[in-house]
Every structure is written in structure tokens, then in C-alpha cells.
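The values are calculated or read from the model by the stated rules, or taken from the named source; none is laboratory data. Owing to the predicted nature of the structure, the values given are computational and were not obtained by experimental measurement. Neighbour counts are summed over all protein chains in view; Cβ atoms, including those assigned to glycine, are modelled from backbone coordinates with ideal geometry.
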Amino acid sequence: MAIVECECCKKQFRVKPKRVRRGVKYCSMDCRRVHQYTGRFVRSDGYVAVRVGSDYQLEHRVIMESHIGRRLESSEHVHHRNGVKHDNRLENLEILSVADHSRKHAPSKQPSRWVQCKCLQCGKDFQRLACVIRSHPHTFCNRACYVAGSGKLPGKGRKATS
């Protein structure tokens, strides 16, 4: 058994050598909580949460609320200008509407997955997924048009009998 000094209460305690190699520092969970708990932690999604009263809130929202002097509406988002989720300096934060925040993170430069098509049978305009059009270039707006128009396609339909 090895003897280790608790970093919190400075009491000496005995542990197995394996625990010393793993870096045991505290004699009990109470000492660990007292010494390590700061009321602030980084969540698994990268945002910092802080204790406010008895619950936790996102630090960037707490900072922005104290800056503007009121509670944020649910329709207001706080955006990190440099994209670093744990950088909660006031100059890095800005309030955006939900729509504006979505536009910042998902710009419309990305091509739409939906394309405009014209039915080969009735001529009606409709939308279809681009990946479907690539695999089935002859498009119809519904099953009835497909059945009625499939015989008119070049190389399709029934074979002519003589």
C-alpha cells in the first residue's frame, strides 16, 4: 500500500499502487467535490454551462442577458462570431433571430436537393429529389400519368406485333 496526501484536506491516506499510477488525489468524494467543483463545466456539445441558482444555464446566454439587462426571448439566439463555442467574450457574441442564425450556419449556397420537373404525360410542373431524377430521368407527376405515358417513351412500352 502507498501513502498519498489529499490535495483538499492534506490528510494522508493509504491506497493501492495501481490507484497511485492512475493519479488518485483525494481521500474521499466529498474532498474531490469541494476541490474540483467550480460551478462551471464544458458540456459534451462544446458549450459552457454555469450554475445559476439551483439549475444550469448556457454561459453565453447568461453573459448576453446581463449585458442587455433583460432575459433573452426564446426566439433570440446568441451567436459566437468566431465559431468557438466556449469563447464567451462579449465581443465574440451577438444576438440573432432564429432565422438569421440558421442562415449564418447553413448558407443557401448549398444546392437544393429538390429540382423542378415537367410531367412527360400532362405537362404539369412538380418537384422531385435530384437523386431520383438521376436514376429515373423520365418523370411523371403520378402513377396514372406514368401508366398512360410509359408507352410513348422511346425504347419503352410494348413491342409492336405484326
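Just a few scattered comments:
- Within the span defined as region 9-28, one or more residues are small (Gly, Ala, Ser), exposed (fewer than 12 other Cβ atoms within 10 Å of the Cβ) and without any contact (Cβ under 8 Å) to a residue 60 or more places away in the chain.
- Single residue of 78, 98, 84 found to be touching a His at 6+ places or on another chain (Cβ under 7 Å), exposed (fewer than 13 other Cβ atoms within 10 Å of the Cβ) and not polar (S, T, N, Q): 98
- Pick from region 36-51, criterion within 16 Å of the chain's Cα centre (by Cα) and among the charged types (D, E, K, R), ranking: farthest from residue 80 (Cα to Cα): 43
Condition check ((1) among the charged types (D, E, K, R); (2) not in a loop (DSSP other than H, G, I, E, B)) across all residues:
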position: 7; (1), (2): yes, no
position: 21; (1), (2): yes, yes
position: 27; (1), (2): no, no
position: 32; (1), (2): yes, yes
position: 45; (1), (2): yes, no
position: 50; (1), (2): no, yes
position: 67; (1), (2): no, yes
position: 71; (1), (2): yes, no
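- Count - residues of region 62-84 that are under 18 Å from residue 105 (Cα atoms) and of a type outside the set (Val, Ile, Thr): 8
- Test: residue in region 108-118 that is modelled with pLDDT of 90 or more and either in a strand (DSSP E or B) or surrounded by fewer than 12 Cβ atoms within 10 Å (Cβ to Cβ) (or both): yes
- Where a residue in region 48-62 is under 15 Å from residue 78 (Cβ atoms) and its partner, wherever it lies, is of a type in the set (Ser, Thr, Tyr) and part of a strand (DSSP E or B), with Cβ under 6 Å and at least six apart: 49/56
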